[in-house]
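Contents: one structure, followed by commentary.
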Amino acid sequence: MIYPSIDKILTKVGSKYLLVHVASRRAKEITETKHLQMPESKYKCDKNIGRALEEVMEDLIQVK
């Protein structure tokens, strides 16, 4: 199963398209700067796109 669930994330973000845009920008930022908003041991995903989605789920990234 994919974590975090798309259904749970969509309660925090208005649309799938906005979620893809936000997560891809954050994943690219993680790749370039290596800056994570949580300790690395708290992430369930190893890939940056999964980590970006986890940050959205944890309300560390505010989507307007």
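Computed over protein heavy atoms with a 1.4 Å probe, the accessible surface of the chain works out to 75 Å² per residue.
Relative to the dominant Cα principal axis of the chain, helix 48-57 is inclined by about 50°.
Helix 16-33 and the long axis of the chain differ in direction by around 10°, with both axes built from C-alpha atoms. Quarter the surface of the alpha carbon convex hull of the chain and you get the mean projected area, 4.1 square nanometres. Full extension of the segment from V63 to K42, taken as 0.36 nm per residue of separation minus the current Cα-Cα distance, would add 5.4 nm. Within the accessible surface of the chain, defined with a 1.4 Å probe on protein heavy atoms only, the carbon and sulfur portion equals 54 percent. Among S41, S24, S15, which one shows the highest mean-square fluctuation when the chain is modelled as a Gaussian network with alpha-carbon springs under 10 Å? Fluctuation is largest for S41.
The values are calculated or read from the model by the stated rules, or taken from the named source; none is laboratory data. Predicted model only: the values in this text are computed from it and were never measured. These accessible areas exclude ligands, DNA and RNA; they are computed on the full protein's heavy atoms, side chains included. Shrake-Rupley method; radii C 1.70, N 1.55, O 1.52, S 1.80 Å.
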